[in-house]
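The values are calculated or read from the model by the stated rules, or taken from the named source; none is laboratory data. The structure presented is a predicted model; accordingly, all values stated were derived computationally and were not measured. Every residue, glycine as well, gets a Cβ built from its backbone with ideal geometry; the counts of neighbours run over all protein chains shown.
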Amino acid sequence: MRRGDRVPGRGATLLSGPEDYGLTAEETLAHTLSGPPPADFDAFWSEFREEVASLPRTWRNAVDPDEPTEVIISSVRSVRIVARVSCPPGPLAAFRGGVITSHGSGAEASFPQTPEPWCDHGMVTVRLRVRGYPPSTWDLPDCRWDWILRGIESPETWILRGAVADVIQAFRGLRGWLGDDRPIGIHGESLGGGLAVMAAAQLTAMGDPPHRLAIGLPSFGDWAWRAGRYCNGTGGLVNEFLTTMRQDADRLVERMGLLDAAHHAPRVPAPTLVKLAELDDVVPAPSAASIANALPPDQLWRWITRYGHFEGGLADLRRHAVFERMHPAFLDPAQEPEAVFAAHAPAS
């Protein structure tokens, strides 16, 4: 086991559960990418960064520090996205920093009404909806049901590329509003976890790396391994599409490697808390592990659950609940990652 591992105890055997892909829990958590990124990986992302850097670093409307405020953010391909900015109590000068948080593939059309947990830690929270998820449907339709397939024929047109830019633009907008001297972290789960890793890698290359990351069950890892294997989520839609491509499927999978979060992970220098599952077939557990295992190991804290996108009993629900309590503190710049992890680990 590596630094920060906490393996959960086994509960009662279930009658059915997620696909294990013929792997033990240890093999699943050790899964890594087997091949390099496409040859044009650096050129592709250099062009991407130039496009993003040409966009404004300001929001289109003013923030009310006393009330959650929905802001409009300009992103690539002239797409406007919507985010909600929530501030902690007190004056702007007292804010510790900020957090960018996105969502999973099953996000509701409206923002949640519950208070943002990071505000309790003195951090501004920017909760965004990436393009194609309401209310970020000004320039694209609501395409939640087949979001992952939009523009997939080419990495230049794939909606995933635009969504990475959406996260970066939310970050850049908060940087412009908050100032250059305070840290900003990124949080995301499932779809949002994969986006967080890719955005963090590109922000690092742009000279403004996020302070920390907290991600859960991150998606978009090891596309080549996922191709043709059973998935019960967006990966299933991708595999159905690949079946229709026939002779072009291998070429398309190779190009999808440009937007493989595991290829971006080595370029993320920030301390990162990752929740992984031993069993998951919505975001296949080995593919999520490939992202974590590509992150710099000296900056990695892993929190292990038995099940991912699956209700596997009370003991496992408690594991997920501990992660929900832990990650806001982990992103708090006033607290040390080691101390936060140690304080929560005994709850397992």
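State whether one or more residues within the range 295-318 are more than 15 Å from the chain's Cα centre (by Cα) and under 18 Å from ILE100 (Cβ atoms). Checked against the condition, which is being more than 15 Å from the chain's Cα centre (by Cα) and under 18 Å from ILE100 (Cβ atoms), the range 295-318 yields no hits at all. Counting the residues of the range 112-132 that are of a type outside the set (Val, Ile, Thr) and surrounded by fewer than 20 Cβ atoms within 10 Å (Cβ to Cβ) gives 7. For the range 327-348, the set of residues classified as in a helix (DSSP H, G or I), under 28 Å from LEU33 (Cα atoms) and touching a residue at least 40 places away in the same chain (Cβ under 8 Å) consists of HIS327, PHE330, PRO337, PHE341, listed by residue number.
Within the range 204-233, can you find the residues that are hydrophobic (A, V, I, L, M, F, W, C), within 25 Å of LEU317 (Cβ to Cβ) and in contact with a Lys or Arg (Cβ under 8 Å, 6 or more places away or on another chain)?
Initial filter on the range 204-233 (hydrophobic (A, V, I, L, M, F, W, C)): 205-206, 213-215, 217, 220, 223-225, 227, 231.
Still in the running and within 25 Å of LEU317 (Cβ to Cβ): 213-215, 217, 231.
Matches in the range 204-233: ILE215, LEU217.
Here ALA334 meets each of (1) surrounded by fewer than 20 Cβ atoms within 10 Å (Cβ to Cβ); (2) of a type in the set (A, V, I, L, M, F, W, C); (3) more than 23 Å from MET123 (Cα to Cα); (4) touching a Gly at 6+ places or on another chain (Cβ under 9 Å) with one exception, condition (3).
Being assigned to a loop (DSSP other than H, G, I, E, B) and of a type in the set (Lys, Arg) is true for just one of ARG172, ARG182. Which residue is that? Residue meeting the stated conditions: ARG182. Taking the condition surrounded by fewer than 24 Cβ atoms within 10 Å (Cβ to Cβ), more than 23 Å from GLY35 (Cα to Cα) and not hydrophobic (A, V, I, L, M, F, W, C), does ARG255 pass? No. Against the conditions (1) within 18 Å of the chain's Cα centre (by Cα); (2) surrounded by 18 or more Cβ atoms within 10 Å (Cβ to Cβ), ARG144 satisfies every one except (2). Of everything in the range 131-150 that's without any contact (Cβ under 8 Å) to a residue 40 or more places away in the chain and among the aromatic types (Phe, Trp, Tyr), which residue is nearest to ALA107 (Cα to Cα)? Per the stated criteria, the residue is TYR133. If you go through the range 93-118 and keep only what is among the hydrophobic types (A, V, I, L, M, F, W, C), modelled with pLDDT of 95 or more and within 22 Å of SER136 (Cβ to Cβ), you end up with VAL99, ILE100, PHE111, TRP118.
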